[in-house]
Each structure stands twice: as structure tokens, then as C-alpha cells.
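The values are calculated or read from the model by the stated rules, or taken from the named source; none is laboratory data. What you are looking at is a predicted structure, and each value in this text was computed from that prediction instead of being measured. Note that we place each Cβ from the backbone using ideal geometry, even for glycine, and neighbour counts take in every protein chain shown. Accessible surface areas use protein heavy atoms only, side chains included; no ligands, DNA or RNA. Shrake-Rupley method; radii C 1.70, N 1.55, O 1.52, S 1.80 Å.
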Amino acid sequence: QGCCSAPPIGQRVSPAMAPKKKVLAAKEPEAAAEPEKRKAEEESTEEAPKKVAKTEVAKTEVKEEEKAGTPEAEKDATLDKRPATKEAIGFSPQDTTLNVIPTMGGKVLMSLSEGGMQYLVAGARANVGMKAGRYMFEVRIVEALNPAEASNSTLRSRVAAPRQLLKVGFSTAGSPLVLGESEDAHVCFDAEGNFCAGRKKKLGGAQKFTRDQVVGVLLNLDPSSPNANTLSLFRDGERISEPQPIPESLHGKTLFPHVSFRNISVQVTFGAQPTRPLPFKCRGLGGAAQADVVVTKKAEPKGGKCEVVLPVAFPDEGTFDWLDAFLAKHPDYVELSDRKILEWAASSGVTKGPKVAGSQASNDKPLFNFGLPSLDDFSVQRVLQNVTSVIPRNYVVMEVKSNLIQAERQEVLKRFSPAHFKRVAHVVMGEPNDEFKQLQQDKILKEKQDKATLEWKAKQTERKRKKEMDERQKTLAEMKKKADETRKKAADEAKKKAQAALKKVQSETRKAEAKKKAEEAGEEYVEEEDAEEEPKEEEDVKVEVKEEEEKKADEMEVDEEEGPPVVELTEEEKNMWFRPPAAGISGDLAASVLNLSFGKFSIPESSEGFDDIRFEWQGAEASRAYVHKWVVERKRTSRIEELEPGDWFLKKNQEWMKLFADWQAKHRTFKNSPAQKAKELAAKKRKDAGEEDVADEDAVDDSELQNVVDVNDTGKGEPLYKDFTFEDWALLQLRYELHLLQIAFKKDVADPERAGVHDTHMAFYYTKYFKKTLNLKAFTVSDNTELTMLVKDAIGWGADEKVLTSLLEDDAEPSVCLKMSEEHRRERQRRIDAGDETARLKFLPAAISQPNKVVTKPATAGPVSAGIRPAGAWSGGGGGGWKQSW
């Protein structure tokens with residue numbers, strides 16, 4: 001059948017596959033020859049493997065001959081009678097990453113591979129380094145792991161590959177523990193056969209190596225050797241790389257054996273002799289001469305205990321700058337923070353995704369958006385919390401918010417047993433010392449200089465771009481001009497030739513006529529010679545002169561600045577204690593986190609479990625005073641995001657809304673009454689006739705306004721607010737609601753250190769309480785100060801603290817505000833009648849708005865304590881327009 005494949009070569013045809021008899025009869029000669037063909041094919045098939053085997057043997061023999069013909073780059077080591085090092089070579093905890101687990105006496109290194117650790121590269125640097133000679137160490141992969149991510153994860157292609165990783169080489173003391181993350185302190189080979197010097201990678205610098213193969217790493221620092229300052233790689237005793245030169249920056253430095261790996265277990269051997277003999281005699285690092293090596297002394301903890309340091313500092317007041325300076329002075333301390341985990345992930349080849357809009361990221365809690373669940377769900381932090389509590393090292397627990405709150409400090413201390421760790425608090429607050437101030441000014445100056453240099457380079461680039469564009473346009477213009485001149489010259493030449501031909505014809509015609517006339521007259525013809533006109537030399541365009549002038553002009557053009565401008569600090573910058581966060585850079589704490597927690601900030605006490613409390617800049621009392629002042633100031637300017645209106649406000653607001661609606665209804669009823677319409681019509685006729693307006697005998701005198709008992713009936717059924725316009729109702733509402741807001745805020749917060757509603761948060765709290773938006777544009781003002789000036793008889797601002805204040809008694813009734821509104825209306829009307837048009841008000845309809853949602857059931861939440869926001873904040877805002885009947 002056509003869909004079936006032919007049988008393999010050498011396979012006999014089965015009966016089911018035999019052709020029909022008629023076909024066999026038609027092809028008897030071919031059938032007779034078939035057995036001979038099959039026999040020949042079988043013999044050919046049997047000979048094929050033999051030929052392949054012979055070819056492989058031949059290739060191997062050629063390779064062996066090539067190896068035999070290639071001399072080994074290194075020579076045999078000579079007898080060294082100097083005393084050998086007696087130091088046990090291994091890995092100290094301070095020179096290994098937190099995910100390294102030494103086993104079998106430190107000879108086998110394993111790495112954590114769960115909880116996100118499978119993405120982080122482990123690194124370990126030996127405690128003995130080479131400064132001279134030629135020595136080697138060996139590494140063998142004994143286990144390869146394939147940890148799986150959670151089933152609901154989506155691994156992205158940008159995650160470093162392969163999942164297993166191994167780099168072997170040397171590094172300087174104190175350099176990063178992940179090989180390849182230093183510009184001038186690392187040199188190594190990786191398992192893929194690449195040679196890495198710093199961050200530069202040379203592809204194909206060596207052959208690949210894999211599991212169960214013994215890899216020898218040889219460093220030659222012998223100045224008398226032709227291969228001095230080179231690194232070589234061997235696999236099972238055979239060379240798999242040429243001697244690779246190490247960077248010049250590493251010449252003369254002590255270099256320590258270093259391995260970096262991920263998702264594998266490695267055996268590292270520092271014997272006196274290699275376990276796999278090399279093509280030449282060579283000693284291992286364990287048999288090195290004492291004079292050729294440097295031993296890193298293990299940092300013994302003071303008093304037999306390692307320290308756990310908790311820096312206690314205010315956000316954006318030099319917190320991380322102080323930490324960086326501390327770690328520079330104490331390199332044996334390991335920082336435990338989210339920022340270090342991010343740095344570790346970046347050095348491991350794991351990159352973050354794009355920034356998430358609206359995220360609450362900060363220096364204390366940066367955003368984890370790798371797209372990998374075991375990294376993004378903070379599993380790494382939980383693993384490290386468990387690991388660090390049992391591995392004795394000096395730690396710095398960097399948690400800005402947690403270290404400022406007593407309860408959270410105590411939770412951190414519980415993880416570290418006092419039997420093995422000395423728990424120390426470093427209080428870093430107040431006025432810094434001179435050293436730190438100078439450090440901050442240096443950083444401010446550097447950032448300022450970098451910004452100026454960047455701007456200067458951008459200007460230079462733009463200037464160069466414009467100059468190149470001008471030159472291109474000039475070249476095009478010159479090319480166009482030359483083309484025009486060429487066309488013009490060609491046209492002139494053609495014109496001249498045509499004129500010359502015409503002149504020649506005319507000359508010959510004249511001569512012929514002259515000759516004919518001479519012959520007719522019987523005179524002898526004498527040919528006259530044509531007068532040759534001297535060609536008029538046209539003045540060529542002096543392009544060369546013009547180009548020379550332009551060239552001189554270009555040479556005279558000198559940049560205004562020969563180099564980047566040198567910046568200096570202003571007096572204000574010189575007086576700064578702390579470097580402000582750069583524009584667009586997150587601060588130490590997100591604003592929402594800070595507003596929620598700052599009320600609980602405190603100075604650590606010995607009773608919390610600290611063995612020692614060290615004050616870096618100021619003493620204990622000065623630091624406590626600084627904390628109190630800072631918290632009070634922050635309370636004044638911060639807002640309580642989840643503050644809820646209390647029962648007192650809800651009741652008062654319900655009463656006010658009902659009363660305000662009743663007054664408006666009575667005002668409409670009065671305005672629509674026949675008697676009032678007749679009175680208004682008569683007043684209009686007098687005004688049109690130019691007659692003087694008659695004073696209203698029923699109106700309340702100005703001096704008696706505050707004594708009115710019933711604002712709904714001042715006599716003969718007239719309300720006090722009978723002449724109110726839309727603007728008067730809007731100002732009445734503004735007066736009482738701002739008064740109500742200030743009183744309710746104090747009651748609900750119940751914190752004497754919060755003086756009132758701060759200017760910057762008045763709109764927020766107004767919406768929070770009245771469930772509608774305070775629209776400044778509707779009142780034709782630009783800020784809160786201008787708004788309160790409209791009702792300055794009732795509302796004002798604290799002179800020092802810039803907080804809202806009410807000039808009324810706390811229990812003032814709404815009628816008091818109505819009387820004030822009427823008094824203000826009369827004063828405004830007198831000014832208008834006197835010709836002062838500035839007294840005329842014109843508000844937009846949004847000046848009076850209804851709440852989006854009327855709360856009919858009192859909230860159960862009680863007063864809010866200092867710095868604490870209850871959960872369940874109401875989210876809403878924006879009021880609809882109020883429909884007036886006028």
C-alpha cells in the first residue's frame with residue numbers, strides 16, 4: 001500500500017507482504033536475481049559497522065598523535081624544600097552565601113534548593129589564598145538537582161539557564177561571593193566551557209565538564225614561568241583549556257579558590273597532590289609552601305557569641321547610608337534585608353518584571369515581581385529566617401519599620417537564642433556626627449555632579465546632532481548648487497556654439513554676396529577677415545574662497561564649555577543632615593505604611609531582650625526627645641487613612657441635613673406666597689420708576705440679629721433668611737460643616753497631640769466625613785486659605801500648626817451660623833449698593849452638593865488611638881450637583 005513504508009535494509013519480506021503470483025510470473029528474471037541481491041546487501045550491512053569502528057579508531061589515533069605532537073604548556077614542579085602550609089583549608093561561614101550547607105567535614109558543599117532558593121546561586125571562598133607559586137585544587141559534581149516550581153507558576157524565559165550552574169576559579173578577599181559579579185576581582189571557568197574574567201566572558205575558552213568528572217583548576221603565579229599569571233582547566237587529568245591570562249588588575253594580589261553553584265552538590269578537594277594525575281608534576285594547594293599562601297583568620301566572636309544588630313533609625317534620615325558605612329567597616333557582618341535578596345537574585349541572573357503602577361514599594365520593602373511564585377511570595381525570607389537562627393554569624397537585621405516598633409523588635413529577637421547570639425540595638429537618630437555629615441555632603445555633591453554631567457552630555461549630543469544635520473544640509477545645498485552650475489554651464493556652452501554657428505553662416509553669406517557684387521562690378525574680390533571677438537571671461541563663483549571662509553569660521557567656533565561644569569553645594573545643601581531621596585526614587589517607607597505605624601515608634605529598651613543598646617549620634621534622653629518631637633510633628637502633618645466618623649458626628653450630621661432641608665423648604669414657601677410676591681412686585685415697580693426704595697419695617701435691625709430667638713419667624717411670619725440667595729445657602733453650609741468637621745475629628749481621633757485637620761488633608765477628611773467632594777472651583781477660590789476667608793467669622797487656621805480651627809463654641813447650634821450668614825449678606829449688600837462690585841459673589845452649582853451615600857446606621861467603631869487606623873475605611877467621594885429651585 002502507498003501509506004506503508006518499505007522494510008529496512010536487510011530485513012526479509014514476510015508472507016503477508018509477498019507479491020501476487022501473476023506479478024511474480026511477469027518478473028521471473030528479477031525474482032531469480034533477488035537472493036543474490038539480498039546476500040550482497042547483508043554483506044554490505046555487516047561491513048558497515050566495521051568501517052565505522054575503523055573510522056573512529058583512526059580519528060582517535062589522529063587525536064592521540066596530535067596530543068603527542070603538542071607539547072604541554074606547563075613543566076614539572078621542582079622539589080620545594082620550604083615548609084608547607086599546615087593550615088586546614090576549607091570554607092569559613094563568613095565567606096559563604098547563606099544557602100551553602102557544608103557536609104562531610106566541609107569537603108562537600110550542598111545548597112538549599114526549595115522555597116525560592118533554587119533560583120539563587122551559592123558561593124564559597126576558601127580560607128587560604130595564593131600570592132605566589134603554581135598550585136591547583138579539584139572540584140567534582142556529585143549530585144545534580146532538578147527542583148520543580150509550583151504547578152501554577154509561569155516560568156519566564158528571562159530566568160537564568162541552565163538550572164544547574166557551576167563556576168570554578170579564584171577571587172580576592174572580600175569580593176562578592178557570586179563569581180562573575182565583580183569587574184576586577186574574579187576569574188573563573190564555567191561548566192559550559194567559558195572563561196570569565198570579571199564580568200567579561202570568553203566563549204569556548206575551555207571544554208565542557210559535567211557530573212562525576214574531576215575538574216582541576218590550576219593557577220600559575222610563578223614569575224619565572226612562561227605561563228605566569230594564567231589559569232588552566234583540566235578534566236580527569238587531561239588539559240581542556242589553554243592557559244588563560246588573568247586580568248592585570250589581579251596581578252600581585254592574593255587569590256583564593258572560589259566556587260559558585262546552583263542546584264548541584266560539589267566536592268572540593270585541597271590535597272597536597274591531585275587525585276587525577278596531570279600530564280606534568282604539580283602540587284595541590286594543600287601542599288603549598290607556607291611563604292606562597294595567605295591564611296584568612298577566622299573572625300572569632302567576642303565573648304564566644306555572634307552579634308545580631310538591629311539598626312533603629314527614622315526613615316529617610318540616613319538609615320541605609322549608615323548601614324552601608326557600618327558594613328564597610330565590619331565586612332564580617334551579613335545584612336538580612338529585602339534589598340540584599342534582590343541584589344542576590346540579580347547576581348544569580350534572575351531579573352524583575354516591569355514596574356507595577358500604584359505599588360507601595362520602598363527601600364524597606366521593595367517590590368518582588370519576578371513572575372516566580374516562590375520568589376514573589378517571600379518564601380526566601382521565611383527560609384532565611386529559619387536558617388540564620390541556627391548558623392552562628394554576625395547579622396544585621398535591616399527592617400526600617402519593624403526595628404522602630406517594640407512588638408516587632410521582640411519578634412525578631414525571639415529568633416536568635418541568647419545562648420549563641422548577642423542581641424544589640426544601634427540607635428541612629430538625631431543630629432549626625434561630623435563624619436556622617438561629610439559622607440552625606442559627598443554623596444549629595446556626587447549626585448549633583450552626575451546630574452550636571454549627564455545634562456552636559458545630552459546637550460553636547462544634541463549640539464553634535466544639530467551640527468551634523470547642518471553639515472548634511474550644507475553638503476546637499478552645495479551639491480545642488482554645483483549641479484545647477486553644471487547645467488547652466490552646459491546650457492551656456494550650447495548657446496555659445498549655436499551663436500558661433502549662426503555667425504559663421506552669416507559671415508559666409510556676407511562674403512558670398514560681397515564676392516558676387518565684386519564680380520558683377522568687374523572688380524577684384526578681396527576676402528575680408530572676420531574680426532575675432534575676444535571671449536569675455538565670466539567671473540566664476542569663488543567657491544574655494546567661500547569654503548575657506550566657512551572653514552575658518554568652523555575653526556573659530558569653540559564650545560562654550562570645554563568639559564562638564566563643576567558644581568558646588570549651596571548653603572542649604574551644606575546644612576543638610578541627610579541626603580533626600582532622588583526624584584522618582586522611593587523613600588525608605590511607603591507613605592501609607594508610615595502613616596499607619598509611626599504612632600508606635602519608640603526607642604529600644606533593655607527589657608525587650610537586648611544585651612546592649614548603643615547610641616550612635618545622641619544619648620538616650622536626647623534620642624527619646626527626638627522620637628517624641630518627630631512623632632508629634634508627623635501626627636500634625638499626616639492623615640489617618642482609615643479614620644471613620646464616630647456616633648457623635650453621625651447624629652449631628654443627620655440633624656443638620658434635616659434642618660438645612662427644612663430651612664430651604666420654608667424659604668421656598670415664603671418666596672412663593674402671594675403676599676411676598678406682591679411686595680416684591682411693588683418694589684420692582686418703584687425701582688423701574690426710579691423711586692427710592694422703602695425700608696422694610698418688618699426687617700430685624702442689625703444690632704438685634706444675634707438676639708433673634710426663632711430664625712423661622714422674626715415677626716409676621718417672615719424667616720430671618722428670607723433674602724438668602726444661592727451663595728448665602730452655600731456659605732451657611734460651609735460654615736457649619738467645617739465647624740462640625742473640626743469638632744468631630746478631635747473626638748474621633750482622641751489624641752491631644754493631633755491639634756486638628758491639617759491644611760493639606762482638609763479635602764480628604766471632608767470627603768471622609770460628609771461623603772462628598774469639597775470643590776474649591778465651585779467657590780471660585782484656589783486654595784483652602786481663600787475658601788476659609790469667605791467664612792472667616794467662624795473658621796480660621798492655627799498660626800503655627802496650620803490646622804483648621806473653629807471660632808465657635810463646640811456646642812454651637814446651626815442657627816448661630818445662619819445669623820452669621822445673614823449678617824454677612826447684609827454687609828455684602830451694603831458694599832454692592834455703594835458701588836463695590838468686588839463684594840458680589842457668584843458660585844457654581846457644585847458649591848452645594850448632596851452626599852453620595854447617606855449613612856443611616858451609626859458606626860460601631862470607637863475612637864482611634866494615636867497612630868492607629870481602624871480597618872474598613874469607607875471609599876467614596878464626589879458629590880452630585882444640587883438642583884436649586886431658583
Residue-level accessible surface for CYS282, protein heavy atoms, 1.4 Å, Å²: 10
Theoretical gain in end-to-end length, ARG276 to THR461 [0.36 nm per residue, Cα-Cα removed]: 60.8 nm
Label-point separation in nm, GLN654 to GLU300, each point 7 Å along Cα→Cβ: 7.6
Where Rh is the Kirkwood radius over Cα pairs, Rg/Rh for the stretch 280-434: 1.06
Rounded accessible area of ARG668 (nearest 10 Å², 1.4 Å probe): 80
GluC sites (Glu not before Pro) lying in DSSP loop within the stretch 751-844, provided at most 16 other Cβ fall within 10 Å: GLU753, GLU801, GLU809
Carbon/sulfur fraction of accessible area - the stretch 704-759, other protein chains in place, 1.4 Å, %: 47
Part-to-part distance (alpha-carbon centres) for the stretch 78-126 and the stretch 564-583, which is given in Å: 45
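Any chance you could run the full-extension gain for VAL566 through THR838? It's 0.36 nm times the residue separation minus the Cα-Cα distance, nm to one decimal.
Difference between extended and current length: 92.6 nm.
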Accessible-area composition of the stretch 82-122, carbon plus sulfur, in percent [1.4 Å probe]: 60
Pairwise label distance in nanometres, ALA501 with GLU471, each label 7 Å out on the Cα-Cβ vector: 4.7
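Taking only protein heavy atoms into account and a 1.4 Å probe, give the accessible area per residue of the stretch 328-370 in Å².
Per-residue accessible area for the stretch 328-370 comes out at 50 Å².
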Loop-located trypsin sites (Lys or Arg not before Pro) in the stretch 330-385 whose Cβ has at most 13 other Cβ within 10 Å (DSSP): LYS355
Between the stretch 409-449 and the stretch 708-729, the Cα center-to-center distance that results, in Å: 66
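For each pair in LYS651/LYS677; LYS722/LYS842; LYS629/LYS771; LYS685/LYS819; LYS75/LYS298; LYS340/LYS422, compute the distance between the two Cα atoms and list the pairs where it is over 26 Å.
LYS651/LYS677; LYS629/LYS771; LYS685/LYS819; LYS75/LYS298
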Solvent-accessible area of MET469 with every protein chain in place, 1.4 Å probe, in Å² to the nearest 10: 70
GLU823-ALA291 pseudo-label distance in nm [points 7 Å out on the Cα-to-Cβ vector]: 10.3
Apportionment of accessible area to carbon and sulfur, the stretch 332-451, percent (1.4 Å): 56
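For the stretch 445-520, what is the charge dipole size about the Cα centre, in debye to the nearest 20, if Lys and Arg each add +1 at the Cβ and Asp and Glu each add -1 at the Cβ? Intermediate results must be reported in sequence, preceding the final value.
Numbers: 28 positive and 16 negative charges, 16 e Å.
Once rounded to the nearest 20, the dipole reads 80 debye.
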